[in-house]
Amino acid sequence: MTSKSLLALAVAATLLVGSGVATAASATAGPSPTPTDSPGAEIPATPAGQQLRWVLDAVGRAPVPESEIKEHIAPSLLSQVPPAEMNALLVQLKGLTLSSVDGSGPNSIRAVGVVSGQKFDVTLAIDGTGKIATLGFAPILPLPPEPKTWKELDERLAKAAPQHGFLAAEIKGNRIRPIHAIDRNTDRPLGSMFKLYILGTIAEQIRQGKLSWNTKLTITPELKSLPSGELQDRPDGSKVSVFEAAKLMISISDNTGTDMLLHKAGKKAVEKTMRAWGARDKRNFPVLSTRELFTLKGADYPKHAKAYLALGTPAKRAYLRATIGKLPLTSITPWLKPRELHTIEWFASPADVARAHAELRGISDPKVGEVMSANPGGLAQGAWFKGGSEPGLSDVGYSYRAPNGKVYFITAMGTNPAAPFPSSAETEFVVLARGAVKLAK
């Protein structure tokens, strides 16, 4: 068994990232840390934990009867990985043990597994019926070396992503001084990096006194989205503060938190921020919630996608309200191959993303910095980070204050309409950014 063969069979139903109905990589985009082994991983007594126990038991008995697989695996997942292929995965995982459980909720769990000395980032989530809708095994590999020159960085980025953009720049107030760039003014799909504009809109409304960081938001079925995140696992009617939702939106790319904030701020207000900050691509309007994107790409595809794309902006708004907004999450079928990357997404150029970081850094409210630095994305603590991913899309974006007091920005944006990015390519983006930090000084 090899890491490559396991990765080929790994499947997940998370978006954007994290960059979420997407790849096995998290929308937060960044290398998985290698945790210290524990004497034994305690699996929580949750519905997701029970299904993980079944996986651990099944790998010791594989191949298991097809009826048993259908009892535990959701039809949406089996439509992508039929029972025979699922059994092949279980056979390859023979000897799987867990070294740690790193995060869990009622309906999802993340752990570190070990097979023949190779560590894997294990992700599992269940659907509304309690069956496994997400099952991913991403190898935790040593990081490749950082690029030593801009030429090397360019060559490696081109190899990692057939369509790509890059910008390393210094931020001076609201001015951007490019240091090294590739197509810095070309609009590209953002994935979860669009959440920067929601944060900016919320921060402005707080400045105006319309909201506070302590304002309570209510989790409702209509505002729940798919993972990544954790708020979708909380009971309907639960309360969450604007600050907690914002921090989860940026740090772990929580999609339900994102949609709650978008709903609270208002789509027109977020669109105003996008235009003011340079993200004026007409495909951004109306701005989509994460749930709307999931539904357009995953519910009875391509029916709703085609109908939506044939409309003008006012009619698109009506279609989202009257049709897309009425479809339940259970109508969404996960997709594992690139889909509508250049039509149904959020769009901005590397220069626009730099402008968004500059605008956020220009906000005096310290809570904005606390939110943006909660997950440094593989750089040093204190770095501001937001990435984005879905099948065929991998973006990372950073800003940080160097020891010399200067503020720098780095983004690498990649798309591959033909195939999803492997986790190794997503890790490469982070390593390239680390190298760019040193080259930009």
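The values are calculated or read from the model by the stated rules, or taken from the named source; none is laboratory data. None of these values were measured; they are calculated from a predicted model. Positions of Cβ are backbone-derived with ideal geometry, glycine not excepted, and every protein chain shown enters the neighbour counts.
Listed values, structure above:
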item	result
Among (1) touching a strand residue (DSSP E or B) at 6+ places or on another chain (Cβ under 8 Å); (2) over 30 Å from Ala181 (Cα atoms); (3) hydrophobic (A, V, I, L, M, F, W, C); (4) not in a helix (DSSP H, G or I) - the single one Phe294 does not satisfy	(4)
Residue match in the range 186-193 (condition: closer than 28 Å to Asp259 by Cα, more than 21 Å from the chain's Cα centre (by Cα) and either polar (S, T, N, Q) or surrounded by fewer than 17 Cβ atoms within 10 Å (Cβ to Cβ) (or both))	yes
Matching residues, the range 93-104, being over 23 Å from Ser228 (Cα atoms) and either under 27 Å from the mean Cα position of the chain (by Cα) or not assigned by TED's automatic domain parsing to the domain that holds Ser116 (or both)	Leu93, Leu96, Thr97
Residue that is nearest to Leu360 (Cα to Cα) [pool: residues in the range 234-250 that are surrounded by fewer than 19 Cβ atoms within 10 Å (Cβ to Cβ) and not hydrophobic (A, V, I, L, M, F, W, C)]	Glu244
Pairs with Cβ under 8 Å, 6+ apart, first in the range 62-82 and not assigned by TED's automatic domain parsing to the domain that holds Pro47, second assigned to a helix (DSSP H, G or I)	none
Test: residue in the range 175-193 that is in the same structural domain as Asn416 (by TED's automatic domain parsing), at pLDDT below 95 and touching a strand residue (DSSP E or B) at 6+ places or on another chain (Cβ under 8 Å)	no
Set Ile171, Ile179: member being in a strand (DSSP E or B) and in contact with a Ser or Thr (Cβ under 9 Å, 6 or more places away or on another chain)	Ile171
